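Notes for the one structure printed next.
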Amino acid sequence: MKNRKNMANQFINKFTLMAIICLVFFACSEKPSRKEQEPNLSLKEAFKDEFYIGSAINRFQIEETDSVMASLLGREFNSITAENIMKSMIIHPQRDTFNFELADKFVALGEKYDMFVHGHTLIWHSQLSPWFSSIEDSLEFATATEKHVKDLAQHFKGKLGSWDVVNEALNEDGTLRNSIFLKKMGENYLASAFKWTAEVDPSADLYYNDYNMTNPEKRQGAIRMVKKIIDQGIKVDGIGMQGHWHLNSPTLEEIEQSILDYSELGVKVAITELDVSVLPNPWDLEGAEISQNFENSEEMNPYTEGLPDSIQVKLANRYKDIFAIFLKHQDKISRVTFWGVSDGQSWLNGFPIRGRTNYPLLFDRSLRPKAAYDSIIALKKRFDIKNQTN
Ligand code: 9MR
């Protein structure tokens, strides 16, 4: 009887030991959950001494209809740009009608969270209110354009930290885009737009904003154009590099050289619309020329079921490398704004091919931070430690 009890005890002891070993093994081998990895530093806190961290937002974010999104926006970002609602087509739909309701809510949201609020955009050939092109006479067109710029600048006077005064005025070879503004007003429309805005709202920083600003020919064109304006004694405070980039292009050297070249003009550099597409790029298309659209196909849309780990890592490394350049030149950079908060919201699900599943931002479709988010925060922590020990 005693023997059987001993044997039973021994079995229980062995069983308990094995159970403990198994538990320890699984506890050690199991990947830590996303929650345990989650850094306690937000993006805006991490970069508070370097530059603003912004996001483009839309109506549902402005109206805070999703509470999780609302708290994420307030926690992570200290700057906002309206992705669409301040474009002429929406804010100035008819020559004598303005539609300020949503834009005013956008500004109020920025005030509520104490954010730097950026205005996008005063002069842009795209999403242009149709009434502009109904004006035949050049002089009348110029007068109406001046009124458009001044009325908007006046309405938001003192409430915006900066404006994209002119958006996408250049061709890829650095020449001026043959937009309706160029056709009707000549090259002078550029300097005039900056002059009018500065006259009305002298405290706002005034930017020229464009995509593919790392492309050497376009870069030279942007520098020539901005220099011409500054040389007339008209203020341009900054250049916005939109930053619609890919996993492998532009090169890090092109990004760095562009920041250096623009800041040589004595202006601030902002990264205004950052996202990194992970999807195949038809015909190696670059930038954000929204008139370009291509056919969808399985080959062009490979990650409908989720992003493979290997690509997730590539994206994280790409963001880390890009932010390493931003940190290196933080004295030249005023703001880094992502073009959206989460992947589900990104315009890149519809461009240059409609209906794809892209993953270009730092938060996934469930608003969880991605590896790319972690890589940027970790980079900043390493940067701070290095600076403390130096
Ligand atoms: O992200 C914007 C998208 O929702 C609009 O449909 C599109 C229409 O023009 O504009 C997108 O934003 C653009 C920005 O205003 C200017 N730079 C390029 C951006 C992406 O096209």
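The values are calculated or read from the model by the stated rules, or taken from the named source; none is laboratory data. Computed from a predicted model, the values in this text were never measured in an experiment. In this analysis, Cβ positions are derived from the backbone assuming ideal geometry, glycine residues included, and neighbour counts consider all displayed protein chains. Areas reflect the complete protein model, heavy atoms only, side chains present, ligands, DNA and RNA absent. Shrake-Rupley method; radii C 1.70, N 1.55, O 1.52, S 1.80 Å.
Would you mind checking the pairs K328/K370; K105/K157; K195/K268; K48/K320; K44/K235; K227/K381 and listing those with alpha carbons more than 26 angstrom apart?
Numbers: K328/K370 23 Å; K105/K157 15 Å; K195/K268 18 Å; K48/K320 17 Å; K44/K235 29 Å; K227/K381 37 Å.
Table pairs above 26 Å Cα-Cα are K44/K235; K227/K381.
For the chain, modelled as a GNM whose springs connect Cα atoms under 10 angstrom apart, the maximal fluctuation among Q127, Q257, Q154 occurs at Q127. Placing unit charges on the Cβ atoms only, positive for Lys and Arg and negative for Asp and Glu, gives region 179-267 a dipole magnitude near 440 debye about its Cα centre.
In this Cβ point-charge picture (+1 for Lys and Arg, -1 for Asp and Glu), the chain has a dipole of about 1920 debye about its Cα centre. If you run the Gaussian network model on the chain, springs between alpha carbon atoms under 10 Å, then out of E254, E273, E299 the most flexible one is E299.
Charge dipole of region 121-274 (Cα centre as origin; +1 on each Lys and Arg Cβ, -1 on each Asp and Glu Cβ, all else neutral): 380 debye, rounded to the nearest 20.
Only protein heavy atoms count here; under a 1.4 Å probe, I230 has an accessible surface of about 60 Å². The residue list I135, V149, T175 was ranked by how far each Cα lies along the charge dipole of region 92-185 toward its positive end, using unit charges on Cβ atoms, and V149 comes out on top. Loop-resident chymotrypsin sites (Phe, Trp or Tyr not before Pro) (DSSP state other than H, G, I, E or B) in region 222-293 with no more than 10 further Cβ atoms inside 10 Å of their Cβ are absent.
Take the eigenvalues of the Cα gyration tensor for region 305-390, scale each by 5, and report the square roots as semi-axes in whole Å, largest first. Mind dumping the intermediate values first?
Values: eigenvalues 150, 44, 21 Å².
Equivalent-ellipsoid dimensions as semi-axes: 27, 15, 10 Å.
Largest GNM mean-square fluctuation among G233, G54, G344, using the chain with Cα springs under 10 Å: G233. Each of Y207, Y113, Y303, Y52 has its accessible area taken with a 1.4 Å probe; listed largest first, they run Y52, Y113, Y303, Y207.
So what's the angle, to the nearest 10 degrees on a 0 to 90 scale, between helix 138-155 and the longest Cα principal axis of the chain? Its long axis makes an angle of about 50 degrees. In region 31-157, what percent of the accessible surface is made up of carbon and sulfur (1.4 Å probe, ligands and nucleic acids excluded)? Carbon and sulfur together cover 50 percent of it.
In the chain, the ratio of gyration radius to Kirkwood radius, Rg to Rh, stands at 1.11 when only Cα atoms are counted. Relative to the longest principal axis of the Cα atoms of the chain, the long axis of helix 371-389 makes an angle of roughly 90 degrees.
Put simply, region 69-139 fits an ellipsoid with semi-axes of 30, 11, 9 Å; these come from the alpha carbon gyration tensor as the roots of five times its eigenvalues, largest first. Other residues within the sphere of radius under 11 Å centred on the Cβ of K320, judged by their own Cβ, net out at +2 (K and R +1, D and E -1).
Find the accessible area per residue for the chain; the probe is 1.4 Å, ligands and nucleic acids are left out, and the unit is Å². List each step's numbers first, then the result.
Details: 18750 Å² over 390 residues.
Heavy-atom accessible area per residue stands at 48 Å².
Ratio to report: Rg/Rh of region 62-202, with Cα atoms as the point set and Rh obtained by the Kirkwood method; give two decimals. Please report the intermediate quantities before stating the final value.
On the way: Rg = 16.1 Å, Rh = 16.0 Å.
Rg/Rh for region 62-202 comes to 1.00.
Secondary structure note: in the chain, about 10% of the DSSP beta bridges are antiparallel.
Are there GluC sites (Glu not before Pro) in region 105-214 that DSSP marks as loop and that have at most 16 other Cβ atoms within 10 Å, and which are they? Could the numbers behind the result be given before it?
On the way: sites: E111, E136, E140, E146, E168, E172, E187, E199; in loops: E136, E168, E172, E187.
Passing sites in region 105-214 are E136, E172, E187.
Among the trypsin sites (Lys or Arg not before Pro) within region 205-313, which fall in a DSSP loop and have no more than 16 other Cβ atoms within 10 Å of their own Cβ?
On the way: sites: K218, R219, R224, K227, K228, K235, K268; in loops: K235.
Within region 205-313, the qualifying trypsin sites (Lys or Arg not before Pro) (loop, at most 16 other Cβ atoms within 10 Å) are K235.
When the residues K44, K195, K183 are ordered by accessible surface, computed with a 1.4 Å probe over the protein chains alone, the sequence from largest down reads K183, K195, K44. Between 0 and 90 degrees, the angle of helix 67-76 with respect to the longest Cα principal axis of the chain falls at about 80 degrees.
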